[in-house]
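The values are calculated or read from the model by the stated rules, or taken from the named source; none is laboratory data. Everything numeric in this text was worked out from a predicted model, so none of it was measured. A quick note on method: Cβ atoms are made from the backbone with ideal geometry, for glycine too, and the neighbour counts reach across all protein chains shown. Keep in mind that these areas ignore ligands, DNA and RNA; they rest on the heavy atoms of the full protein, side chains included. Shrake-Rupley method; radii C 1.70, N 1.55, O 1.52, S 1.80 Å.
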Amino acid sequence: GYTLSTLHSFGSGADGAAPYSGLMQGRDHALYGTTVNGGNYGGGVVYRVATNGSFSLLYSFAGGNDGASPYAGLVQGTNDLFYGTASSGGANGIGTVFRMTAGGVATGLFSFTGGVDGDTPLAGLVQGSDGRLYGAAVEGGSNNLGTVFGMTAAGAVTPLCSFNGDDGAFPYAALVQGSDGNFYG
């Protein structure tokens, strides 16, 4: 049989609260995740937990250019940096894409404008076989029904699709890249 073991219980909020995202395993074999709330500023955190239960708070979101309230998990790029989306904060208050080192130094790479690039990214990112990062935003775009975007590791965003309702709307989940090279969501 299987035995369930609790590695970490979120408590006071200082270590984060509302861990909505799934975990990802880093190349160091530790597990990384985000919370929507809690931390030093109430805007959520990035944390690391080893499989033996050793917990580390890596970053607390302040809601500035770094963003706040990350609903999605992280992706580790081929450059070993972690990338994620925050659903609010940034220059326009409607979300960011951020980058973080394994040591917990985070940088806001892109602030959404609500235009063709999108607004409120709730979905996580995926790194494509071309090395670019791809994601989706729930709102914004030409019809305010959400977008799909591509981004370089340096933070240059290219809008790829504005949903029109007939092809879908309000994407909440991350894309996947199929063996045919296309992205699905």
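Just a few scattered comments:
- Highest mean packing comes first when the peptides 149-158, 43-52, 173-182 are listed by Cβ atoms within 10 Å, giving 43-52, 149-158, 173-182.
- Å² of accessible area per residue within the stretch 43-185, as computed with a 1.4 Å probe and no ligands counted: 40
- Cα Rg, Dmax (largest Cα-Cα span) when computed across the stretch 17-73, Å: 11.0, 34
- Whole-Å distance, taken between Cα centres, linking the stretch 131-158 and the stretch 78-105: 14
- Heavy-atom surface analysis with a 1.4 Å probe gives the chain a carbon and sulfur content of 50 percent of its accessible area.
- Taking a ≥ b ≥ c as the square roots of the eigenvalues of the Cα gyration tensor, the stretch 1-45 is classed as oblate, since a/c reaches at least 1.5 and a/b does not exceed b/c.
- Listed values for the stretch 73-85 are Karplus-derived 3J(HN,Hα) couplings in whole Hz (6.51 cos²θ - 1.76 cosθ + 1.60, θ = phi - 60°), namely x, 9, 10, 9, x, 5, 8, 6, 7, 9, 10, x, 10, and x replaces Gly and Pro.
- Over the stretch 1-89, relative contact order from alpha-carbon pairs under 8 Å, at least 6 apart, %: 24
- Convex hull of Cα atoms in the stretch 134-185, direction-averaged projection (nm²): 3.8
- Calculated log₁₀ intensity ratio I(q)/I(0) where the Debye formula runs over C-alpha points of the stretch 1-130, q = 0.10 Å⁻¹: -0.29
- Relative contact order of the chain, pairs being alpha-carbon contacts under 8 Å that are 6 or more residues apart, as %: 12
- Of the listed residues Thr35, Thr3, Thr113, the order by accessible area with a 1.4 Å probe, largest first, is Thr3, Thr113, Thr35.
- Toward the positive end of the charge dipole of the chain, with +1 on the Cβ of Lys and Arg and -1 on the Cβ of Asp and Glu, the farthest Cα among Thr51, Thr152, Leu175 is that of Thr51.
- In order along the stretch 54-63, the Karplus-derived 3J(HN,Hα) couplings, from 6.51 cos²θ - 1.76 cosθ + 1.60 at θ = phi - 60°, round to 5, 9, 9, 7, 8, 7, 10, 6, 9, x Hz, and Gly and Pro are given as x.
- Charge dipole (debye, nearest 20) of the stretch 59-185; +1 at Cβ of Lys and Arg, -1 at Cβ of Asp and Glu: 280
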